[in-house]
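The values are calculated or read from the model by the stated rules, or taken from the named source; none is laboratory data. The structure displayed is predicted, hence computed values, not measured ones. With ideal geometry, Cβ positions are generated from the backbone for all residues, glycine too; neighbour counts draw on all protein chains shown. Just the protein is used for accessible areas: all its heavy atoms, side chains included, with ligands, DNA and RNA removed. Shrake-Rupley method; radii C 1.70, N 1.55, O 1.52, S 1.80 Å.
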Amino acid sequence: MKRAHRLDDSGRRPGHGPIADYWCLPPDALYALLESNPNGLAKPEAARRLAWSGPNTLSGSASHFKLGILLSQFRSPLVLILVFAAMVSLLVGDYSDGLIIGFIVLGSGLLSFYQEYRATAAVDALRSRVSQQAIVIRDGARCTIPASEIVPGDIFELKAGDLVPADSVLIEARELHVVQSALTGESFPVQKSPQTSAAQAGLSERLNVLFMGSSIRSGTARAIAVVTGRGTEFGAIAGELEREEGETAFSQGIRRFGYLMSQAMFAIVLVVFAVNIALDRHLLDSLMFSVALAVGLTPQLLPAIISVTLSSGARRMAAQGVIVKRLASIENLGSMDVLCTDKTGTISLGVVKLTDALSVNFEPSSITMRNACLNASFQAGLNNPMDDAIVEASKANGTDLSGYRKVDEIPYDFTRKRLAVVVEEADRPGTRSMIVKGAFDNVVSICERCEDGDAVIDLDAGRLDVLRRQFEEWGSQGYRVLAVAARPVPDRPAYGRDDERDMVLIGFLLFSDPPKPDAKLVLNELRRRGVATKVITGDNRFVATHLASEVGLNVKHVLTGSEIAGLTHEALVHRVRKTELFAEVDPNQKERIVNAFRQAGHVVGYLGDGINDATALKSADIGISVDQAVDVAKEAADMVLMQRDLNVLCAGIDDGRKIFANTMKYVSITTSANFGNMISMAAASIFLPFLPLLAKQILLNNFLSDIPALAIADDNVDNDMIARPHHWDIGYIRQFMVIFGLISSVFDFLTFGLLFWVFHADEAIFQTGWFMESLITELLVLFVIRTHKPFFRSNPGRLLLVSSALVTALAILMPYLPFAADMGFRPLPPALVAMLLAIVVWYVFVTELAKSWFFAWQAKQASRHVRRVQVRSAPVSYRRT
């Protein structure tokens, strides 16, 4: 792996090796050390540095990655013991058993490796479609490149919502506030400036340094990259941050359940081993039988099955326009029962149009239009659709801005909720004006006067009351309203927030964003799937209420940001239960609302694309963003929609539920079959005068049954399984395991009796017969358990059907194959084969009857306890830990 990308002490390799105390160096000194300049690197030089240092990422090399996955397949203590036992067999001259066991263990490991690597590579390819981009200066021109291609010496630009791509030093900054909590733990934004820091300054005191992994809360900046990749401060703790990544409760429950079963089975296998030794059976055979029994009975393929199922689902979701960044989140998506979303682009068209530019007297005004266009055209901060709409309308109206030049800017932020630019008239140097545009209340609050035709009059209480009533009227008609104000300012080098005062209110901008034609239908589709949609918006209550009512949401109870601020957490938990619309909320309140829904017992999804959505995206059980979102929102999200369309999300929910259902199929068949086989094996090994199966036969049985199990990932799912959310339930799994495991054991004992007392089978015939019966029953019972319907009324996936049929045929033909003797098999009498197949048919019939009773009983239990579940105060599951 290539070394960290720092500058070399000697300077012989610009852009590589450590640079001491770079934060105390002025930009000119850094330009010299990094062999860069204000025009940026030349493209050939940037390519050379990238080739030498490698990409600006935190991940290791692909070869190390593959090796890690491969070795993880053989790290189980049980597998290692089995390998050791196989080596002992070879050393004592039992080459046949040793080689067979070795090949089966290797084959199982390679099969799991192939599936897991394929799954991981597929997800990585999907993630690359939403990778971070950066604006850099190369050869004096601005260009957009993947952030992974940034090298030391690159000059790059940042604006609100961007992620910092490398450890860098500020060259220019304007009202820059940065969130660097990942490094310092400080959740509040820190103001940064180009002034050099002291050599002894700590991380949080380096106010001229931008750290990789930080995000721009507000303002604009230009910086020079000094350290990239794992050499950054963020790279130094990247491994620790990866370890802190929480599991969903489903993943955690699966893992703990697997460990619980493994521990229980391991304990029983130890007892079996001790009993076999006490019965004076061969030591090595007893050891290999016991260890093979443990390997065969533990749900060792469960992680691979889940990975394959999730990655297969991720590929299907990608075809629908949903890019999954965190595989485990797919389970959450299927279990989601509350979706919190902004209204723009989801239930509205998201195509904002400037409808009117009006004066304070509510008449069309070219002055309002010109000032709004100057503000929108010259702002260099966060792009937003309203500025785009203003610029588009000004072009259509032929508004001429050639007589002005930009002097300064005070970027938009979510506290002021306004944006100011300072412009100068080109033919009158020194004649400058500050133009402010923003939310109605936030602009009016800094205005002392207003224009009235050609006059400027005081903005008294009476006129304010008229303006506010008109503002509410526009809102009730569905218009979003911005206010525009201006005033002359003196000629000086820079301007700040303190200059936003004594403004003159010029007029108002009215924007329309009508609901999508299919919004009401899509919300009904979500409701039909058991998902309640909650709109959380920073827009005023009047606009939000108008739009929500048009798409069929309940607007009887509207909760505003000011009301939320006065509620305790417990009171908010109570209020969110009956509220579908939250208006005038700030970013921290979005997070509070999400947490309140989770505390009320819901699995919550949050769909957002803005800077102020990042904390809510992280707090939700499933964070969803869109491809057009700012970097910080996409980074916080678990999945990204390529189109901001709830229809796409509906398809994603269906896929999530299919994945959950297919995962549960494997869990159900594995736990019940393993539990039953555990009891049968333990009993048979104690009471029979020989081992019921040889170690190599157990491993072969396990290997062959795993092949169709992998096809579960693409199995068909009944419609009733995707009609509503489902949750991980350890009690359900335990009950299923005991009931169906005991049924399996009963038929195993019938098989033992048939073989031992009816056909008087010797060791080889007994082992061959039980191998055939146990493998076929495990394959066929999957078709019963995979559906709540009668199995003949539910169509399985083609791959599952074909692979099961082939393995079943192989199980029947196994005693007659050339290598049968090496495996310890002997041909069975036709009468015995017929009787074994009859037991299999009987077993399938009884399991079908038991299944019908079990699911009916489960439904009755769920109905009886539904009231208790609804009033539960804590979430059932799916919380990030």
Residue by residue through segment 209-239, note down the ones that are surrounded by fewer than 23 Cβ atoms within 10 Å (Cβ to Cβ) and polar (S, T, N, Q). T220
In segment 375-391, which residue that is outside any loop (DSSP other than H, G, I, E, B) and within 17 Å of A439 (Cα to Cα) is most open to solvent (accessible area, probe 1.4 Å)? D388
Would you say S685 is more than 20 Å from the chain's Cα centre (by Cα), assigned to a helix (DSSP H, G or I) and at pLDDT 80 or above? no
Across segment 738-793, what is the total count of residues that are closer than 14 Å to K851 by Cβ and among the hydroxyl-bearing types (S, T, Y)? 2
Within segment 204-232, track down each residue that is more than 24 Å from S148 (Cβ to Cβ), modelled with pLDDT of 80 or more and not in a strand (DSSP E or B). E205, R206, L207, N208
Let me spell it out: the conditions are (1) open to solvent by less than 20 Å² (accessible area, probe 1.4 Å); (2) at pLDDT 90 or above, and T144 meets all of them except one. Which number is the exception? (1)
Would you confirm whether or not segment 775-785 contains a residue that is in a helix (DSSP H, G or I) and charged (D, E, K, R)? yes
With S359, S394 as the choices, which residue is of a type in the set (S, T, Y), touching a helix residue (DSSP H, G or I) at 6+ places or on another chain (Cβ under 8 Å) and modelled with pLDDT of 90 or more? S359
Given D458, D454, which one is surrounded by fewer than 21 Cβ atoms within 10 Å (Cβ to Cβ), free of Cβ contacts under 8 Å to residues at least 12 places away in the same chain and touching a Lys or Arg at 6+ places or on another chain (Cβ under 8 Å)? D458
Single residue of L754, L780, L813 found to be touching a residue at least 40 places away in the same chain (Cβ under 8 Å) and more than 18 Å from V667 (Cα to Cα): L754
If we keep only residues of segment 417-430 that are surrounded by 13 or more Cβ atoms within 10 Å (Cβ to Cβ) and not basic (K, R), then the residue farthest from the chain's Cα centre (by Cα) is E425
Which of (1) at pLDDT below 85; (2) within 30 Å of the chain's Cα centre (by Cα) does L176 not meet, given it meets every other one? (1)
Only one of (1) part of a loop (DSSP other than H, G, I, E, B); (2) surrounded by fewer than 23 Cβ atoms within 10 Å (Cβ to Cβ) does not apply to L693, and that is (2)
Hey, I624 open to solvent by less than 10 Å² (accessible area, probe 1.4 Å), in contact with a Gly (Cβ under 9 Å, 6 or more places away or on another chain), under 25 Å from M721 (Cβ atoms) and in a helix (DSSP H, G or I) or not: no
Given the conditions (1) open to solvent by 20 Å² or more (accessible area, probe 1.4 Å); (2) without any contact (Cβ under 8 Å) to a residue 40 or more places away in the chain; (3) not in a strand (DSSP E or B); (4) not basic (K, R), and given that S394 satisfies all but one, which numbered condition is not satisfied? (1)
Looking at A571, A519, which one is modelled with pLDDT of 90 or more and of a type outside the set (V, I, T)? A571
Looking at segment 424-463, which of its residues are aliphatic (A, V, I, L, M), modelled with pLDDT under 95 and not in a loop (DSSP other than H, G, I, E, B)? A439, A455, V456, I457, A461
